[in-house]
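The structure appears right after this line, and notes come after that.
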Amino acid sequence: MGIGNIETWYYDAIFDNGYSIVTLINFVRTIGFGIAITSLYIYKDGKLISSIRNQDSSKHFHGSVDKPLLSLKGIDILKGEIQPSSNNWLFHLLLGDKETGVELELLKDSKAWTGKTYLGNWIVIPKFKVNGTIFLNGEKINGKGDGYHDHNIYPIYAPFITRGYVFGKIRAGIADITWARVTKSKNNNETIVVINRDDTFFSIPPENIDFRTEKFTKDHRKIVPTIYGLDVDYEDINIEVKIKSIDFHHLSIPTVNYWRHHVRNIGKIRVNKISKEINHLEIAEQLIFL
């Protein structure tokens, strides 16, 4: 374990009724100390309308090494099981309460992949089919849509050796795409594009990726990109997409400036001679360590 690490379980979902949610379960551990932080953010048409954030001692937080299971104060907030009808993983996510909260089922709909960045280890499931209920001001809002999950672990000293990252995803039907740029220093970064299709995944070589900031604004005295361009030309893969922020909000936590964007992906993707125009909403992130 070394001197400590930060472990994060991230889920987001965009529903067909205009609502979207992001949940975060963070566990910070150092020698002799641990803390669990759970967060829920609810959006409507890309704008934040409600959020909750709770912090608990590690003595109330438990997980399983045998199966996906996290519990807090005796309540299972995340658990996974194999669904017999599809032989695929079904996750149950429970955060908040009947006043402000979510109860979701997420059925895994793409192959998981693992990777390693300057920050640490990264496990990604790019696509889920999501059904469930959002509780907002005591009202039940049922919805369905698409979801995303990643699970990452990085050392607690990462803010001192890494400048930050941006990441997002593009779902095109013919393929699911995860993109990221992790910056270690001003002239040292890694750009990642992973393609999921036909229950397989593969990484695009960095030399075949053109990822650039085309427009930005300033927020909290930092540069915040509002339009990215992503072009890929590799074997039977061609991507020409603009990633346009339609709204964002800022979160400030110790050692971190963080922006969550609702973005519209606009462009064209070609995979194995099949082309598709895309124009859809997704969630992206930008993080800068102080």
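The values are calculated or read from the model by the stated rules, or taken from the named source; none is laboratory data. Just so we're clear, the structure is a prediction, and the values are computed from it rather than from any experiment. Using ideal geometry, Cβ is built from the backbone for each residue, glycine included, and neighbour counts are taken over all protein chains shown.
List of remarks:
- Residue match in the stretch 210-231 (condition: buried (at least 16 other Cβ atoms within 10 Å of the Cβ) and either in contact with a Cys (Cβ under 8 Å, 6 or more places away or on another chain) or within 18 Å of Trp113 (Cβ to Cβ) (or both)): no
- Counted residues, the stretch 189-227 - those being more than 17 Å from Phe248 (Cα to Cα), outside any loop (DSSP other than H, G, I, E, B) and among the aliphatic types (A, V, I, L, M): 5
- Failed condition for Thr30, given (1) polar (S, T, N, Q); (2) surrounded by 14 or more Cβ atoms within 10 Å (Cβ to Cβ); (3) at pLDDT 90 or above: (3)
- Residue list for the stretch 251-273, restricted to those being in a strand (DSSP E or B) and modelled with pLDDT under 95: Leu251, Ser252, Ile253, Val256, Asn257, Tyr258, Val271
- Listed here are the strands (runs of 3 or more DSSP E) enclosed by the stretch 1-77 that have at least 3 residues being among the β-branched types (Val, Ile, Thr): 4-15, 19-30, 33-44.
- The single condition among (1) farther than 17 Å from Val22 by Cβ; (2) without any contact (Cβ under 8 Å) to a residue 60 or more places away in the chain that Lys222 does not meet is (2).
- Single unsatisfied condition, Ser64 versus (1) exposed (fewer than 14 other Cβ atoms within 10 Å of the Cβ); (2) in contact (Cβ under 8 Å) with a residue 40 or more places away in the chain; (3) small (Gly, Ala, Ser): (2)
- Taken over the stretch 143-188, the criterion of being in a strand (DSSP E or B) and free of Cβ contacts under 8 Å to residues at least 12 places away in the same chain is satisfied by Asn188 alone.
- The residues of the stretch 103-123 that are assigned to a strand (DSSP E or B) and either touching a helix residue (DSSP H, G or I) at 6+ places or on another chain (Cβ under 8 Å) or at pLDDT below 95 (or both), listed by number, are Lys108, Trp113, Thr114, Gly115, Lys116, Asn121, Trp122, Ile123.
- Count - residues of the stretch 67-99 that are buried (at least 17 other Cβ atoms within 10 Å of the Cβ) and either more than 23 Å from the chain's Cα centre (by Cα) or among the small types (Gly, Ala, Ser) (or both): 2
- All of Ile49, Ile14 fail the test of being surrounded by 14 or more Cβ atoms within 10 Å (Cβ to Cβ) and at pLDDT 95 or above, apart from Ile14.
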